[in-house]
Amino acid sequence: MSRIKEFNLPDLGEGLTEGEILAWLVKVGDVIELNQPIVEVETAKAAVEIPAKWAGQVRAIFHPEGTTVEVGTPIISIDTDPGAGPLDESTTGTPAADLPTPSAASLAAVEVAPSEGAVEPGLIGGPAPGGRTAVLVGYGPRTTAAKRRPRKGGVPAQATSAPAAPVQPAPVAPAPVVPVSPAPAANGNGPAGGLVLAKPPVRKLAKDLGVDLATLTGSGPLGSITREDVQRAASATPAAAEPLTVAAPATAVASFGADREQRIPVKGVRKLTAENMSRSAFTAPHVTEFLTVDVTRAMKALDRLRERREWRDVRVSPLLLVAKAVLLAVKRHPMVNSTWAGDEIVVKDYVNLGIAAATERGLIVPNIKDAGRLSLRELADAMTGLVQTAKAGKTSPADMSGGTLTITNVGVFGVDTGTPILPPGESAILAFGAVREMPWVHKGKVKPRQVTTLGLSFDHRIIDGELGSKFLRDIGDFLADPEAALLAWT
Amino acid sequence: MAKGDPGVTSRGRRAAPRSRKGATGDPQLVQLLTADGERIESATGPDGTEYRVDFTDEEYRGLYRDLVLVRKLDAEATALQRQGELGLWASLLGQEAAQVGSGRALRTQDMAFPTYREHGVLYCRGIDPIMPLGLFRGVDQGGWDPNEFKFNMYTIVIGAQTLHATGYAMGVHMDGKTGTEDGEAVIAYFGDGATSQGDVNEAFVWASVFNAPLVFFCQNNQYAISEPLERQTRVPLYQRAGGFGFPGVRVDGNDVLASYAVTRHALDNARLGQGPSLIEAYTYRMGAHTTSDDPTRYRIASEVEAWQAKDPIARMKAFLEKQQIADADFFAAVDEQARTESVHLRERVLDMPNPEPVTMFDHVYPNGSPELDEQRAQFSRYMESFEGSAH
C-alpha cells in the first residue's frame, strides 16, 4: 500500500461533475486524523465539509480556494505514515511550500475528466465525441454547466483569477460589488427613487410599442417621459421592446491590476458557450444569406392583434410573428429542421424552437418544445414563459437541450443583422434585426416604411443554396404579408 | 368498536395521579426525561393514558449505548459518502431516541416497515449495520432477510410502506395472531412530509376500518427535505388520527424513555386486537435530508441551536450521571466501543465487492423466468459490445 495517498474530489451529490473549493480547513504540514474535516466544497447542490479519508500529514494541496475542480481530480495528498522517516527525493516536499505541484496523474486528470486516462474513447467513463464523458445512464457530464446558487457574502469570481496565489486559509469576503445605479438625469430634476414619471396614455403607448419606460430619459416636466420620447425610442430601436433582453450583463465593472489587464477565469456559461461555438464553427460549413423585408403590414397586423379583447393580456412582439413565420416555413421545407449525424441526416417532424437570450449568466438558448403544434396564442404564452424563466435564472438544462432550430433576436441591440453560428446539432439559425423606419419603394413611390433584415445561417452539408434561399424567402414572404401567407399556406 | 373511546384501551383511563407536563410547557407532549436529564415519573397522554417506564440500571445503560452507537455508525456512513465511498446517505442525526425507543419497544414477533432513514431501528432489530451501506454504495439491494429479522426492506418511495404495513397487519389479524398478550403487532415508520401523501391517508383509512394491529410511527423531524412543518399541516399531526377513528399521541421524540413507553403501549394495544394508533414523535433532523441536501439554505442556525439543547444523548447521559447509574468508565467504554465498531464498519465497507452488473437479474425471481433470462442475455450482449470488455 502506497504511503502517499491522493484524495480525488468525489461526486458529492448524485451525478455532479464539479465542485468549488470554498475553504481549506487544513494546511500543508498539518497532522490530521481520520474523518477530520479538511475542506469545504460547494457543489450545485450543497456546500459540504469533506472529512479526511486517511489519518496522516498533509503533504500537498493542489487547488487554491475559489477554484472549480472536476470530480475525480486529486485535491490533496496525504502522507499516511509520516513517522516512517523522510521520503525519497521527489517526496521531500517542503511543508512550507505554498502551492505544490500535483503529480503527473493529477495534472492529467485536470485536463481529462473524470478519470486518469485509463478509459479509452467511447467507453463508459471515457471521452466521447464532443468532449462529453460517456456514461451509461443518468446525468451526462460536461454539456450542462453546473449551476450554483449564490451564497450569502458570496465568494467572488475574482478569487479564482490567481492560480499562482498561495493557498491562504479562509479568505475574507471581498469588497461587495456595488450595484451600478443609473446616473441621475443631467438636468438634475430627474425622478427620484427610481419611479418613472409618465402619463397613463404615454404608458399605454409604451406598452403597445413595447418600450420599457425605465430605460428612457424623460424630456418632459420633472423629467417625465413624453409621447415623443416613447416614439423616438420605438423608432430608434423598435425591437428594444423585445422581451428577450433579459438583463444586460452588469458585471462589466472590471478590476484591473497593476499591469492594466484583468484575467477572468473561463467557466460556467462562458465556457460552455465557447466550447459550443468553436465546435460548431469548425465542424459545420456555414453559409449565411440575407433578406431585407418591408414588415409594415406585419406591424399593423400586430397592432390589430393587440386590440383584440382575448389578446389584451398577451405579450405580442414582432418576434412572435418571426417565430410563426419560421414554423410555417419549416412545414414547407422540412429538410431545414435536421441534424447531420455523420453517415445519415436526421430530419425531425417536430420543431423545438430555440430563442437565444442574453441573461446575467450569459448567452443561453432555451427552446420551446414541439413549437410547430402550438397555436399563435400558445406560442405567445410559451415565449413569455420562457423569458420569465430565463429572467428568474431558472432555465433548466432540459429547457436548453434538444433544440432543433433557433432564432437570435439581435435587433434588441439595435443592429441590423449578423451571421449567426449554428448551435451544435442544428442546421439553421435565423438572425432577426432591428425594425427601422426606412425609405422604401412602395407601390412605385419612395415612402417611409418599417423594414427589417433577416440573416439565415445554415449547414451547407445538408442545405443547398436553393433550399436555404427558399426557406428564407418564405419567412420573408410571411412577414411581408402575414394574412395572405396564412391563407395561402395553412 | 369505538377505538377512539379510551374506555377500551388496556391500561388507559385509570384515575392517574396528576403528573408533570412536559418541561417544554407543551401539554400535548408525552415526556419522561427532560432536556436537562430530569426524570419524570409518569406522563399522561391526550386520551388519559398514563405512560411510565420501569427499567433496571442495566437497561438504562443499554439504551444509552444504543443511542451512542447508532449515532457514531451514522456519522461514519456520512463521512464515507463525503469520501466518495457511498453514493448517498440519509442521516438519522437527532432522531436516535425516537428510533431506539420505538425499536427497543418492539417484541421479537413484531414486524417493522421502515423508510430509508431507520438505521437505529434496524440496529435494534439485530441486523448488521453494514446492510444499508451496501444499498447506498450501490453494490446490493440491502441484503437482509425481512422475514428473519421482522424488518422490511428500506422503502425509498415516500409513504408507500404504510400501505405495505397495513396489508401485512390486516393479514396478521386475519390469521388470528392478535387478541392475546403474545399477539403480533406491526409498526410503520414515516415522516412528517409523508403525512401529505395519499398512500399514508389510505393506509389510515384501511387500518382503521379493518382494525389492523398497526402502529403508525411518524417521526416529525420538522422538515420534508426543505419544506417546513407549517406547510405540511395546520393541526398537530397526532390529531389527524381522530379523523380516521383511532387514537393519536405526541411524544417527545428526543426522549428515549417516553418514545419507548408510548410505542410499547400502542403495540400492546394492537397485539390485543384493539386496532391501530398513531404516534407522532416530535423531534428534529439535525443534519441534512440526505448528503445531497444543504439545510443551511432553508433553515436558520438559531433553530438548530435550540434543538441542539434538546439532544437525546446529552439528556440521557445527564440522567445516568445524576442518578449514578453510570460512571465515567462506562461512558469511556461506550465511546471506545463506538469508535471500534465504526472503524470496523469502514473497513468492511471498503472491502465490499463490486458485483458484475449482470447479477442484477439474479434475485428478481427465485427461479428466474423466460423473459428475465432473455433480458439477461440481451444485457450480456450489450456489455460485451464494449471494447476491452472482459466478458
Residues satisfying the stated conditions in the stretch A:23-41, i.e. surrounded by fewer than 21 Cβ atoms within 10 Å (Cβ to Cβ) and in a strand (DSSP E or B):
A:23, A:31, A:32, A:37, A:40
For residue A:440, which of the numbered conditions (1) in contact (Cβ under 8 Å) with a residue 40 or more places away in the chain; (2) in contact with a helix residue (DSSP H, G or I) (Cβ under 7 Å, 6 or more places away or on another chain); (3) surrounded by fewer than 22 Cβ atoms within 10 Å (Cβ to Cβ) fails to hold?
(2)
Considering the stretch A:12-21 alone, what residues qualify as being of a type outside the set (A, V, I, L, M, F, W, C) and either assigned to a strand (DSSP E or B) or at the interface with chain B (Cβ under 7 Å from one of its Cβ atoms) (or both)?
A:13, A:14, A:18, A:19, A:20
Listing of strands (runs of 3 or more DSSP E) fully contained in the stretch A:360-460 that carry 3 or more residues being at pLDDT 90 or above
A:405-408, A:428-432, A:436-442, A:445-459
Can you name the residue in the stretch B:291-325 that is surrounded by 13 or more Cβ atoms within 10 Å (Cβ to Cβ) and of a type in the set (A, V, I, L, M) and is also nearest to the other protein chains (Cβ to nearest Cβ) among such residues?
B:304
Residues of the stretch B:371-391 satisfying the condition of being at pLDDT 90 or above and either within 27 Å of residue B:144 (Cα to Cα) or among the polar types (S, T, N, Q) (or both):
B:371, B:372, B:373, B:375, B:376, B:378, B:379, B:380
Under 30 Å from residue B:272 (Cβ atoms), polar (S, T, N, Q) and either modelled with pLDDT under 95 or not in a helix (DSSP H, G or I) (or both): is that true of residue B:19 in this structure?
yes
Residue selected from the stretch B:42-76 under the condition acidic (Asp, Glu) and in contact with a Leu (Cβ under 8 Å, 6 or more places away or on another chain), by the criterion nearest to the other protein chains (Cβ to nearest Cβ):
B:76
Within the stretch B:98-188, which helices (runs of 4 or more DSSP H) (wholly inside it) include 1 or more residues that are free of Cβ contacts under 8 Å to residues at least 24 places away in the same chain and crowded, with 19+ Cβ neighbours inside 10 Å?
B:131-137
Would you mind finding the one in B:88, B:93, B:106 that is on the phi < 0 side of the Ramachandran plot and modelled with pLDDT under 95?
B:88
Which numbered condition trips up residue B:278, out of (1) in contact with a strand residue (DSSP E or B) (Cβ under 8 Å, 6 or more places away or on another chain); (2) more than 14 Å from chain A (Cβ to nearest Cβ); (3) in a loop (DSSP other than H, G, I, E, B)?
(3)
Looking only at the stretch B:77-93, which residues are in a loop (DSSP other than H, G, I, E, B) and either within 9 Å of chain A (Cβ to nearest Cβ) or among the acidic types (Asp, Glu) (or both)?
B:83, B:84, B:85, B:87, B:88
Being outside any helix (DSSP H, G or I) and within 14 Å of chain A (Cβ to nearest Cβ), is that true of even one residue in the stretch B:332-352?
yes
Filter result for residue B:138 (modelled with pLDDT under 95 and at positive phi):
yes
Can you name every residue in the stretch A:369-390 that is touching a residue at least 12 places away in the same chain (Cβ under 8 Å) and touching a Pro at 6+ places or on another chain (Cβ under 9 Å)?
A:383, A:384, A:386, A:387, A:389, A:390
Restricting attention to the stretch A:44-53, which residues are at the interface with chain B (Cβ under 9 Å from one of its Cβ atoms), out of contact with any Pro (no Cβ under 7 Å at 6 or more places or on another chain) and either in a loop (DSSP other than H, G, I, E, B) or not β-branched (Val, Ile, Thr) (or both)?
A:45, A:46, A:47, A:52, A:53
Going by the conditions given, is residue A:69 within 14 Å of another protein chain (Cβ to nearest Cβ), assigned to a strand (DSSP E or B) and either surrounded by 21 or more Cβ atoms within 10 Å (Cβ to Cβ) or in contact (Cβ under 8 Å) with a residue 12 or more places away in the chain (or both)?
yes
Can you work out which of the residues in the stretch A:251-286 that are buried (at least 16 other Cβ atoms within 10 Å of the Cβ) and aliphatic (A, V, I, L, M) is farthest from the chain's Cα centre (by Cα)?
A:284
Counting only residues that are more than 10 Å from chain B (Cβ to nearest Cβ) and surrounded by fewer than 22 Cβ atoms within 10 Å (Cβ to Cβ), the stretch A:54-65 contains a total of 5
Can you tell me how many residues within the stretch B:289-331 are assigned to a helix (DSSP H, G or I) and at positive phi?
0
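The values are calculated or read from the model by the stated rules, or taken from the named source; none is laboratory data. Given the structure is predicted, the values throughout are model-derived calculations rather than measurements. When we count neighbours, we look across all protein chains shown, and the Cβ atoms used for this are built from the backbone with ideal geometry, even at glycine.
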